[in-house]
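The values are calculated or read from the model by the stated rules, or taken from the named source; none is laboratory data. Predicted, not measured: the structure shown is a model, and the values here were computed from it. FYI the Cβ positions are ideal-geometry reconstructions off the backbone, even for glycines, and counts take in every protein chain you see. The area values use the complete protein model at the heavy-atom level, side chains included, leaving out ligands, DNA and RNA. Shrake-Rupley method; radii C 1.70, N 1.55, O 1.52, S 1.80 Å.
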Amino acid sequence: MLNEIINMFKKKGDFVSGEEMSKKLGITRAAIWKKIKILRGAGYKIQATPAKGYKLIKSPEFSVEELRTLIRGDIGREIIFFESIGSTNTAALELAEKGAPHGTVVIADRQAKGKGRLGRTWVSPPRSNIYMSVILRPEIETEDATLLTIMAAVSCAKGVMKSTGLKAEIKWPNDLMISSKKLGGILTEMKSDPDGIVFAVIGIGINVNSKTKKDFPPDIRGIATSIREELGKIQSRTFIIAEILKETEHWYRVLLTGGRKPLFDEWKRLSSTLGRKVRVTAGDNVFTGVAEDIDRGGMLILRLPSGMLKKISSGDVTMLR
Amino acid sequence: MELEDLKGLIELLKETDITELQIEKNGSKVKIKREKLLSSIEMSKPVVAQEKPSSEISEETQRLITVTSPIVGTFYRASSPEAEPFVQAGSRVKKGQVLCIIEAMKLMNEIECEAEGVVVRALVENGQSVEYGEPLFLIEPV
């Protein structure tokens with residue numbers, strides 16, 4: 001109901017009378033007034049003028065109601081929002097286990113235990129960044145599951161570019177980078193059985209309005225950035241998330257219908273890794289070489305100093321000069 | 001030729017059907033030879049043979065479930081380097097219980113047990129890379 005009211009404001013771009021609203025939504029004018037109060041409480045600036053009605057002056061930095069008005073496809077049709085949660089991925093895994101449909105999105109304002117790779121933590125200060133998990137039920141072979149992480153990287157980079165104008169690059173496999181600093185990360189968790197993929201949860205963390213010096217621990221301050229720091233002003237998470245979900249809708253369809261070529265071409269265009277000298281730390285092993293290409297699953301092909309090729313399935317990549 | 005190169009060579013060889021390879025470079029010569037990969041049933045034999053009379057072997061090995069990797073990736077026995085392994089040899093496991101994680105490109109794939117039973121043996125070391133279809137665990141169903 002709240003998103004329908006926001007939609008009416010946006011369509012009209014001017015005053016909407018109380019009568020018009022109550023007719024369209026099938027509730028009394030007193031009930032409309034209550035909804036307006038809720039929206040104001042959520043940070044919306046709404047002007048009320050007798051005889052004219054209501055007009056939306058300004059939206060808050062983030063609003064899940066507004067986000068819902070911006071979704072057209074399957075991805076994000078169902079959005080579950082938490083003010084605070086342990087980890088959106090853990091919540092999404094539980095929801096998926098209980099049968100949440102394909103495209104369900106979990107968003108939180110803050111995470112107490114944001115998840116990184118191998119038990120690491122994703123720094124998640126409150127009410128500033130994107131902490132989001134998308135549930136997918138992909139009908140692809142289990143051995144092709146890594147294509148989902150390529151798809152997610154492309155969707156996030158394109159979504160950030162379209163909503164902010166910033167040139168986001170991808171560091172293999174799916175870190176979001178701006179001028180060699182980390183803007184975001186993607187951690188995918190998957191459940192499969194012998195018949196195939198049951199579901200995959202794509203966890204997305206993007207630094208939007210954090211001040212890295214204030215919000216981040218000293219060890220990652222120098223290597224992290226946020227959209228706010230790049231642009232010099234606060235950005236709306238609502239619109240960035242909406243663009244990312246729109247891109248996810250698009251690239252997921254490309255993956256299912258067009259196959260891996262168009263997806264890989266886009267990943268390579270956005271990649272900052274290929275052609276560069278890199279160091280890869282994979283457990284106790286460290287490899288140095290030139291990132292030559294990715295294979296058909298998206299694995300990194302490294303050319304070692306000897307000229308030999310080494311295929312990397314997982315590890316931390318550091319760019320070398 | 002450096003150790004690094006040799007490792008890379010062995011990795012590459014694993015992905016093919018080649019069993020023997022000889023390379024000469026800058027005067028040094030390397031020959032790598034490997035046995036054909038044993039099938040999961042063959043691998044399970046010695047474990048059972050230690051405890052059971054030979055007449056029961058074929059019957060017993062067929063009862064064992066081989067859990068294989070659904071993707072190419074890195075094998076982890078625990079959720080983080082500090083955590084306890086999910087299971088060990090002798091662990092009693094339920095259907096749906098997590099046995100290990102295979103990671104590929106920051107995609108963490110939890111491998112679940114498909115039947116109730118006991119872990120007879122873990123076939124892969126922590127942090128080792130595994131191929132598609134590679135046997136990971138032998139489970140004796142109960």
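Couple of notes before you dig in:
- Solvent-accessible surface of protein heavy atoms, probed at 1.4 angstrom with all chains present, puts A:Trp267, A:Trp33, A:Trp251 in the order A:Trp33, A:Trp251, A:Trp267, largest first.
- Sequence-separation-based contact order of chain A, relative, with Cα cut under 8 Å and 6+ spacing, percent: 14
- Extension reserve of the A:Glu97-A:Lys12 stretch, reckoned as 0.36 nm per residue once the Cα distance is removed: 26.5 nm
- In this simple spin-label approximation, A:Ile38 and A:Ser84 carry label points 7 Å from Cα along the Cα→Cβ vector, and these lie 2.3 nm apart.
- Heavy-atom accessible area ranking, 1.4 Å probe, most first, across A:Leu93, A:Leu309: A:Leu309, A:Leu93
- Estimated from helices alone, the mean residue ellipticity of chain A at 222 nm is -10000 deg cm²/dmol (sum of -39500 (n - 2.57) over DSSP H runs with n ≥ 4, per residue).
- Qualifying chymotrypsin sites (Phe, Trp or Tyr not before Pro) in the stretch B:71-139, DSSP loop, other Cβ atoms within 10 Å at most 13: none
- Accessible-area composition of the protein assembly as shown, carbon plus sulfur, in percent [1.4 Å probe]: 50
- Cα-based helix-to-principal-axis angle, A:29-41 vs chain A, degrees rounded to 10: 40
- Rolling a 1.4 Å probe over the protein heavy atoms leaves A:Ser17 with an accessible area of roughly 40 Å².
- Considering only alpha-carbon pairs that sit under 8 angstrom and 6 or more positions apart, the relative contact order computed for the stretch A:78-153 is 32 percent.
- For chain A, Kirkwood radius (reciprocal of mean inverse C-alpha pair distance, Å): 21.1
- Principal-axis analysis of the Cα atoms of chain A puts helix A:237-253 at an angle of about 60° to the longest axis.
- 10 Å Cβ neighbours from other chains, averaged over peptide B:71-84: 4
- Note on A:Arg117 and A:Arg72: with the Förster distance fixed at 45 Å, the Cβ-Cβ geometry gives a FRET efficiency of about 0.90.
- Projected label points at A:Lys24 and A:Asp295, each 7 Å from Cα along the beta carbon direction, are separated by 5.5 nanometres.
- Spin-label model, A:Asp316 to B:Glu84: label points 7 Å out along the Cα-to-beta-carbon direction sit 2.7 nm apart.
- Each principal axis of the Cα cloud of the stretch A:101-156 was taken in turn, and the coordinate range along them, longest first, works out to 37, 25, 20 Å.
- Partner shielding of A:277-286 amounts to 2, given as the average count of beta-carbon atoms from other chains within 10 Å of each residue beta-carbon.
- Across the stretch A:185-255, the relative contact order, built from alpha-carbon pairs under 8 Å that are at least six residues apart, equals 21 percent.
- Mean accessible surface per residue for the stretch B:60-99, computed with a 1.4 Å probe while every protein chain stays in place, in Å²: 53
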